[in-house]
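Here's the structure, in structure tokens; my notes come after.
The values are calculated or read from the model by the stated rules, or taken from the named source; none is laboratory data. Just so it is clear, the model here is predicted, and its values are computed rather than measured. Every residue, glycine as well, gets a Cβ built from its backbone with ideal geometry; the counts of neighbours run over all protein chains shown. Protein only, heavy atoms only, side chains kept; ligands, DNA and RNA dropped before computing areas. Shrake-Rupley method; radii C 1.70, N 1.55, O 1.52, S 1.80 Å.
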Amino acid sequence: MPEVHAILSASSSKRWLNCTPSARLEQNFPNESSVYAEEGTAAHELGEYKLRKYLHERVKRPTSEYEDEEMEANTDIYAEFIISTVERIKETCPHPLVMVEERLDYSYLVPSGFGTGDCVIIADGTLYVMDYKNGKGVFVNCDHNPQMMLYALGAYHAYGYLYSIKKVSMTIIQPRLENISTFECSVEELLDWAETYVRPRAKLAFEGKGEQVPGDWCRFCRARTSCKACADEAMALVKEEFLDLDAGVLEDETEETDATASFDPDISVPTFKSPALLSKTDIEKMLPTLNRIESWIEAIFAYVSSEAINHGVSWDGYKVVEGRSKRQFLDTKSVVAAAEKAGYTDIYKTELISLTAFEKLMGKKKFQEILGEYVVKPPGKLALVPDSDPREAVDLQTAEDEFAVLD
Ligand code: SF4
């Protein structure tokens, strides 16, 4: 669940662990809820309901304006993964401890630190921590994921003295990106990370001390649009990679002269470096920073636009205008009545229900029996991502063949 109270929340831990002053800097900016966050909350509630139902708890199905077939299918994937894990565990441990939406307090380590674990299981010496991610914008890797490790620390702190826990298994379930990734470590490794890395950095973060360090963790930082470190990084890159390139820029500090001006032997003539193009290595060096700067620039524009449109802030040299809009019917009932009165009756189109709706209508088994042979899963759109992305690289030859078959 989204954590709204902890300053050093688990969900923002990658940020405050890497850039310790960020948590306090963020407090200067409102924590505005977004439709994505609301949608995420609705999906979490639906997933929670499905798990509690499996655990035979008395629960009422939540309702939300965001609920649709996709959310139903995604929360099914989440619930089914956990249910199958619990069922597998039960083969050797008949009564595992299963907790849903458990508050996990790690404040013994991080001042005021707590979070909510979507699902925590303890069985056979292993602590399992599962987290549902509804987003599809950023692939969340579970490997040494600090949010998951803080949840695990909170759970271990609460239950470690009751159960003999030797191993921790953390899983992120992010169905919209087909991402189910698990990271396992020993309790010793977890505790060592907590004491040697987290504790000192959490102290700095709570006090708002340390250095501002830009990185991929800046993406959701509320201070980003006013962050000097981000601006400095972007400007340094622009200066180093563009202005200093050998691409026909002035070599010395001399002012550029007008070629048509009359010749004066006392005025030094500027010299130019020979024209050049960026090499592949130049571009490779820039890419990681450019990715970050691109999203930083987007955030700045979103921020200034929102300030102008929603709060009437005026930015020198900019104005608010109305965009193009599409014509639409105001009252569809009246449209139907008027069209039919005029003799136009062929005004509806029939559409086949979606694959997910069929699956819901028939049930998964029947769907597989009746329609399974007609289901194909086309390859996803190709995208260039950093090496750190945990998805496997595509074999371009095979991908080409798959697209050719589909064509
Ligand atoms: S935007 Fe600035 S303050 Fe926020 S995490 Fe990045 S560097 Fe730190």
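Largest mean-square fluctuation among ASN310, ASN145, ASN18, in a Gaussian network model of the chain whose springs join Cα atoms under 10 Å apart, belongs to ASN310. Between the C-alpha center of region 338-393 and that of region 170-190 there is a gap of 29 Å.
Please give the peptides 57-68, 185-196 ranked by average Cβ packing (other Cβ atoms within 10 Å per residue), highest first, as a rough proxy for protection. Before the final figure, lay out each step's value.
On the way: 57-68: 11.8, 185-196: 14.7.
Peptide ranking by packing, descending: 185-196, 57-68.
Across the alpha-carbon set of region 282-330, the Rg to Rh ratio works out to 1.21, Rh being the Kirkwood radius.
First measure r as the distance between the Cβ atoms of SER186 and VAL313, then evaluate 1/(1 + (r/R0)^6) with R0 = 45 Å and state the FRET efficiency to the nearest 0.05.
On the way: r = 52 Å, r/R0 = 1.16.
It comes out at approximately 0.30.
Here the spin labels are modelled as points 7 Å beyond Cα on the Cα-Cβ line, and at VAL376 and HIS157 they lie 5.3 nm apart. Taking label positions 7 Å along the Cα-Cβ direction at both ILE297 and ASP143, the computed distance is 3.0 nm, reported to one decimal. For region 297-344, trypsin sites (Lys or Arg not before Pro) meeting the loop criterion (DSSP other than H, G, I, E, B) and having at most 10 other Cβ atoms within 10 Å: LYS319, ARG324, LYS326, ARG327. The heavy atoms of HIS311 present about 110 square angstrom of accessible area, all protein chains included, probe 1.4 Å.
Take the Cβ atoms of SER34 and ASP395, set R0 to 41 Å, and the FRET efficiency comes out at 0.65. If R0 is 45 Å, the Cβ-Cβ spacing of MET362 and LYS326 corresponds to a FRET efficiency of close to 0.80.
To the nearest µm²/s, what D does Stokes-Einstein give for region 13-212 at 25 °C and 0.890 mPa s, using the Kirkwood radius over alpha carbon pairs as Rh?
On the way: Rh = 17.9 Å.
The diffusion coefficient I find is 137 µm²/s.
Computed with the Debye formula from one identical point scatterer per Cα of the chain, without solvent, the log10 of I(q)/I(0) at q = 0.07, 0.09 Å⁻¹ comes to -0.51, -0.79.
Length gained on full extension, GLN27 to SER354, computed as 0.36 nm times the residue gap minus the Cα-Cα distance: 113.3 nm.
Give me the percent of DSSP beta bridges within the chain that run antiparallel, rounded to the nearest 5. Walk me through the numbers before you get to the answer.
On the way: 22 of 29 bridges.
Around 75 percent antiparallel, to the nearest 5.
Applying the criteria of a DSSP loop state and at most 14 other Cβ atoms within 10 Å to the chymotrypsin sites (Phe, Trp or Tyr not before Pro) of region 314-399 yields TRP315, TYR318, PHE329, TYR344, TYR348.
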